[in-house]
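Data first, discussion second: the structure below is written as structure tokens.
The values are calculated or read from the model by the stated rules, or taken from the named source; none is laboratory data. These numbers were taken from a predicted model, which means no experiment stands behind them. Quick reminder, even Gly has a Cβ in these numbers, built from the backbone with ideal geometry, and neighbours come from all protein chains shown. These area figures cover heavy atoms from the full protein model, side chains too; ligands, DNA and RNA do not enter into them. Shrake-Rupley method; radii C 1.70, N 1.55, O 1.52, S 1.80 Å.
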Amino acid sequence: MSEQWYNEKEQVKTNIPLKITLWLVKVFPICIVSLIIYPVAFFYYLFSGRARKEIKRFQKQMRAFTGGHVPHRISVYKTLFSFSLCLVERIAGWIGKIDEEDIFYNDDDIDDYWDNLEKGQGCLMFISHLGNSDLLRSLSTFSKAGVDRVVPVTVIMEIKSAEKFNKALKSVNADYELTALDPTDITPDTIIMLQEKIKNGEIVVVAGDRVSAHSSNRFITTKFLGKNANFPYGVFLIASLLACPTYFCFGLRDYPVMLHPVNAVYMHRSDVDFSDCSRNERKEKISKLCEEYVMTLEKYCMWFPNQWYNFFDFWTGAE
């Protein structure tokens, strides 16, 4: 049986490609860096056997789920190139080199999201490892997130799970970890603090597609791309405790390669309402929220199959 992501050792031992990429993004325009990122992608292709294996596993499952339609053909390198370009865009976002004109906002629930923020209402935002999970958060650091005020963002994340990359981003923008909370640090007092942040118009961000290394025995099992997968119970429990507007947000690149890359933001407000929710209703609503999130994630995986960056056996332990 494959190990969960938090038990798997990092196969690429050196951070030289990351350092080179960081220097390139600082010095050159993104469009130039995107043209010379092929060697970085090829490096990951050569030295990350696990990524090659799991990309292929994901794409085969996707093809089975869609009757062989998506993706049109299995392409490990295409995903690794997309991943390398996403690293460039994440670094560029935290440096401040991505502007609002580089972002396309889809006509979904984005206006509802903006209206609430303009009124001083905070929210909980679910992200994923599909596409650029840092997009809106990095833009908010530079007041480029579509509203007329600075919106502080607190993210709940496994800080040590990508230590090299986190350290690189922190070196270019101290705010990257300044507002980060590790799941191990969450206590009842933390929930009260997060409730105050949302009351003050701030955003709390959490990924809904990875079971925490510290609570791996607490999960919700549901169908994902036609096969049982485990999703973290704790993050959906947090949604029930915060009882605030909840959105699913995806930052996805419209085109894999272009001289002027454009990222699209897709925003969906959850229909699950935890206000005035009794303890007996909570469990059912938590499951409903998870299912709603997974169905939304599935849709965007089918639209952007080469931007899935969960490089581990997503279905292990659930069947």
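Remarks
- Histogram of C-alpha separations across region 95-195, 5 Å bin width, %: 2, 10, 19, 25, 20, 14, 8, 1, 0
- Contour minus Cα-Cα distance for E101 and T222 (0.36 nm per residue): 39.8 nm
- K56 contributes an accessible area of around 90 Å² to the protein surface, as traced by a 1.4 Å probe with all chains present.
- Share of carbon and sulfur in the accessible heavy-atom surface of the chain [1.4 Å probe, %]: 53 percent
- With a Förster radius of 51 Å applied to the beta-carbon distance between Q195 and I20, the computed FRET efficiency rounds to 0.75.
- Fluctuation leader among L35, L24, L289 - the chain, Gaussian network, Cα springs under 10 angstrom: L35
- Radius ratio Rg over Rh of region 47-116, counting only Cα atoms, Kirkwood formula for Rh: 1.12
- Cα→Cβ-extended label distance, 7 Å offset, between V147 and D108, nm: 1.9 nm
- Two-decimal ratio, the chain, of alpha-carbon radius of gyration to 2.2 N^0.38 Å: 0.96
- Among the listed pairs K197/K288; K56/K223; K119/K299; K26/K170; K26/K78, those beyond 22 Å (Cα-Cα): K197/K288; K119/K299; K26/K78
- On the beta carbon distance between H69 and E281, with R0 = 35 Å, the FRET formula returns roughly 0.35.
- In summary, the convex hull built on the alpha carbon positions of region 165-319 has an orientation-averaged projected area of 11.1 nm².
- Partner aspartates and glutamates for K285 [C-alpha distance under 14 Å; skip if fewer than 8 residues away on the same chain]: D271, D273, D276
- Annotation: for a label point projected 7 angstrom from Cα along Cα→Cβ of E118, residues of region 71-111 with backbone N closer than 12 Å are 111.
- Accessible area per residue in Å² at 1.4 Å probe, computed on the chain: 47 Å²
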